[in-house]
Amino acid sequence: EFLGAENGAMEGKEELKKAAEAYKDWTKLAIFDDKGAVIHSSEEIDVAELKEFLGAFDDRDKTVGKGLTLDKEHYDVHRCYENLVYGRKGKPGNCQGICVHKFQNEKAKKNMFAVVTWGGYATSARIVPELQEYCKKHVATL
């Protein structure tokens with residue numbers, strides 16, 4: 001069940017979509033819960049791939065070694081922190097980045113996850129804080 005259901009699930013999903021539109025360099029976005037249930041997605045996402053992200057924070061070495069896969073695209077992971085895992089594929093100027101952010105929903109007191117991808121000349125130094133801000137402002141309080 002969508003966490004914002006008491007206010008109307010569709011209204012909550014529309015708010016998430018509208019808020020995400022402000023981040024022009026994002027190419028894909030998915031918000032999901034600790035069971036892999038999709039709360040919001042900018043496009044159709046393979047739930048099995050999302051469920052793989054749930055374990056990305058359990059073992060740093062395994063995550064770095066395995067990388068991340070979204071939409072059948074493999075990304076090398078080069079940064080792992082307590083609540084962030086991110087990496088890229090390709091070369092600077094012609095690369096795609098990915099970030100998975102783990103955070104807590106303040107009302108439900110449960111872990112939530114967001115994954116975002118970006119391309120072109122956008123950098124993780126900008127995109128990662130944008131994702132954290134988006135989750136804090138728009139998802140953690142649903």
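Per-structure values
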item: Breaking point among (1) surrounded by 14 or more Cβ atoms within 10 Å (Cβ to Cβ); (2) out of contact with any helix residue (DSSP H, G or I) (no Cβ under 6 Å at 6 or more places or on another chain), for PHE32; result: (2)
item: Among (1) more than 15 Å from the chain's Cα centre (by Cα); (2) modelled with pLDDT of 95 or more - the single one ASN7 does not satisfy; result: (2)
item: Number of the exception - GLY12 against (1) crowded, with 19+ Cβ neighbours inside 10 Å; (2) touching an Asp or Glu at 6+ places or on another chain (Cβ under 7 Å); (3) outside any strand (DSSP E or B); result: (2)
item: Extreme residue, modelled with the highest pLDDT, among residues of region 92-139 that are more than 19 Å from ALA56 (Cβ to Cβ) and hydrophobic (A, V, I, L, M, F, W, C); result: ALA125
item: GLU52 being in contact (Cβ under 8 Å) with a residue 12 or more places away in the chain, farther than 22 Å from THR123 by Cβ and assigned to a helix (DSSP H, G or I); result: yes
item: Matching residues, region 73-91, being crowded, with 18+ Cβ neighbours inside 10 Å and over 16 Å from ASP58 (Cβ atoms); result: TYR75, TYR86, GLY87, ARG88
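Quick grid of which residues meet (1) open to solvent by 90 Å² or more (accessible area, probe 1.4 Å); (2) under 16 Å from GLY119 (Cα atoms); (3) in contact (Cβ under 8 Å) with a residue 24 or more places away in the chain; (4) part of a strand (DSSP E or B):
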residue	(1), (2), (3), (4)
THR63	no, no, no, no
CYS95	no, yes, yes, yes
PHE103	no, no, yes, yes
LYS107	yes, no, yes, no
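The values are calculated or read from the model by the stated rules, or taken from the named source; none is laboratory data. Note that this is a predicted model, so its numbers are computed, not measured. Neighbour counts run over all protein chains shown; Cβ positions are idealised from the backbone, glycine included. Only protein heavy atoms, including side chains, enter the accessible area calculation; ligands, DNA and RNA are left aside. Shrake-Rupley method; radii C 1.70, N 1.55, O 1.52, S 1.80 Å.
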